[in-house]
Amino acid sequence: MKEERYMFQIQDTLVSLDLAEQFFCCDLEACKGECCIEGDAGAPVTDAEVAEIEKALPVISEDMLPAGRREVEESGVSYIDCEGDRVTTIVDGRNCAFTCYAPGGICLCAIEKARRAGKISFRKPMSCYLYPVRVTEYPTFTAVNYHRWKICRSAEVNGRKLGIRLYEFLKDPLTERFGKEWYDELELCCKEYLKTYSK
């Protein structure tokens, strides 16, 4: 009888099997970075990240859209959403205030653009870096789950074409968030799981 497994337990985290089973690799040419401009709330941020964004705002604002700059000037860089979480400010109820655009209509993050240009050292919020994985803190453990969204369908198709699993695609952000030892254990679990259960 096949043993049923529902998640990996790594240190004090419970990790969805989706990280092993799901193929994923962003395809910006196909999705145009739609995850930055769709949804009904901003990206989750910590107080420390808010402070970093506020400090870098004079540089970041150079690439922000006028509507985003106005919203941040009036409302600040973050707000508390309906679920009680602190998230980045949005414009018109959906677009992240820190979006900007590259040729071809591809949506980019003004924060990350400034970092890659060497203008600031702060990376975009960890919740954005980890996406499409969402991390939820509970009193006794941390849950690591795949957030399924139809706009990421092209990334699933691209990942399957390239043979890249979700845990592989997110190696750098997962390592930064949880540490190398944690990621090495995740990688081992995923490989062993796929040897046994992949079709």
Out of the range 167-189, which residues are under 17 Å from Q9 (Cα atoms) and surrounded by 14 or more Cβ atoms within 10 Å (Cβ to Cβ)? Y167, L174, T175, R177, F178, W182, Y183, E185, L186, E187, C189
Please work out which residue is modelled with the lowest pLDDT, limiting yourself to the range 97-118 and to residues that are buried (at least 19 other Cβ atoms within 10 Å of the Cβ) and of a type in the set (V, I, T). T99
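Can you tell me which residue is nearest to the chain's Cα centre (by Cα) among those in the range 33-68 that are among the β-branched types (V, I, T) and open to solvent by less than 60 Å² (accessible area, probe 1.4 Å)?
My answer is V45.
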Restrict the check to the range 69-76 and report whether at least one residue is surrounded by fewer than 18 Cβ atoms within 10 Å (Cβ to Cβ) and β-branched (V, I, T). no
Considering each of Q11, Q22 in turn, give the residue that is farther than 25 Å from A114 by Cβ and surrounded by fewer than 17 Cβ atoms within 10 Å (Cβ to Cβ). Q11
What single numbered condition from (1) surrounded by fewer than 16 Cβ atoms within 10 Å (Cβ to Cβ); (2) of a type in the set (G, A, S); (3) farther than 16 Å from M7 by Cα fails to hold for S154? (1)
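The values are calculated or read from the model by the stated rules, or taken from the named source; none is laboratory data. All values reported here derive from a predicted model rather than from experimental measurement. When we count neighbours, we look across all protein chains shown, and the Cβ atoms used for this are built from the backbone with ideal geometry, even at glycine. Side chains included, ligands, DNA and RNA excluded: accessible areas come from the protein's heavy atoms. Shrake-Rupley method; radii C 1.70, N 1.55, O 1.52, S 1.80 Å.
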